[in-house]
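The values are calculated or read from the model by the stated rules, or taken from the named source; none is laboratory data. These figures come from a predicted structure and were not determined experimentally. Because the Cβ atoms are built from the backbone with ideal geometry, glycine has one as well, and the counts that use them run over all protein chains shown.
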Amino acid sequence: MGHWPLGIPLTSDWLNCNGYYKQLVNLYCKNGWIKSLGRGVYTRLNDPITWQGAVNAIQTQLHLPVHIGGLTALQIYGVTQYIMLNNLEPTFYLYHSNKKTPKLPMWFQKKFTHCHWEQKLLFKTEIGLGNKEVEGIQIKLSSPERAILEVLSIVPNKVTLTHVNELMESLDRLRSDVMQELLESCLSIKVKRLFLYFAEKCNLACFNELELSRIDIGAGKRVIDSGGRYHKKWLLSLPENKSDDEITRE
């Protein structure tokens, strides 16, 4: 069992490809060296499985098009401390990466009940994704540029506008070239408008370098929350107490 990685559950396919044939796996289970987490997936008996290890397994062994994003990615990059991660109640945001609609394995769903699984496809491409070592385990996750757009996709139902404003004020190092590509690739009009609104409001350096003419923000008003005011420039109805000339009461 020397090649069995710590903290990462292993699937039957991985085990078979690495010399752990079915008879050997059954022997290990019988002797109490490993245990089954569910159909076709195993772990060392006393090896605590973290969300990082589980995400690595579904990304690299099951090849599911998912990644860590949104608030969790921003926390990993040191932007926010709003999400608490611990072994008892691992709270993390998992996003869909491409057109293929993945189904999370049942063992993953049962083990990580505090996983926020966002299935809506937000981008035409996988730009803004990369690999990073988290707690000693490699996982695919969003860059800060992609992560903030993922956060905006769950406003206002799961994230408040006040929270977003605080996050945006901390994102003064967003790369304008990556941001440009992401905004052009983004499939959500709401997300693009919200980003541009907050980027301008928070005076982010990247905003002035964006080629706005290449970003499709659609037509028609988007109401983010009821009882707000209407921002003409970005066609958004937001519950903000603003007094500048571009905002009028609905």
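Look at ILE224 and say whether it is modelled with pLDDT of 90 or more, surrounded by 13 or more Cβ atoms within 10 Å (Cβ to Cβ) and out of contact with any Phe, Trp or Tyr (no Cβ under 9 Å at 6 or more places or on another chain). No. The helices (runs of 4 or more DSSP H) found wholly in the range 113-211 include none carrying at least 2 residues that are not assigned by TED's automatic domain parsing to the domain that holds LYS103.
For the range 17-32, the set of residues classified as farther than 21 Å from GLN61 by Cα and either surrounded by 11 or more Cβ atoms within 10 Å (Cβ to Cβ) or among the charged types (D, E, K, R) (or both) consists of LEU27, LYS30, listed by residue number. Every condition in (1) touching a helix residue (DSSP H, G or I) at 6+ places or on another chain (Cβ under 6 Å); (2) in a helix (DSSP H, G or I) is met by LEU24 except one, and the failing one is (1). The set of residues from the range 30-62 being modelled with pLDDT of 90 or more and in a helix (DSSP H, G or I) comprises TRP51, GLN52, GLY53, ALA54, VAL55, ASN56, ALA57, ILE58, GLN59, THR60. Mind listing whichever residues of the range 92-112 are in a strand (DSSP E or B) and small (Gly, Ala, Ser)? If the condition is that a residue be in a strand (DSSP E or B) and small (Gly, Ala, Ser), then no residue fits. Counting the residues of the range 60-77 that are within 15 Å of the chain's Cα centre (by Cα), surrounded by fewer than 21 Cβ atoms within 10 Å (Cβ to Cβ) and not hydrophobic (A, V, I, L, M, F, W, C) gives 3.
So in the range 227-243, with the set limited to residues that are modelled with pLDDT under 70 and surrounded by 10 or more Cβ atoms within 10 Å (Cβ to Cβ), which one is nearest to the chain's Cα centre (by Cα)? Among them, the one singled out is GLU240.
Taking residues in the range 165-187 that are closer than 12 Å to PHE123 by Cα, and partners anywhere that are of a type in the set (Ser, Thr, Tyr) and surrounded by 16 or more Cβ atoms within 10 Å (Cβ to Cβ), not one pair has Cβ atoms closer than 6 Å while being at least 6 places apart or on different chains.
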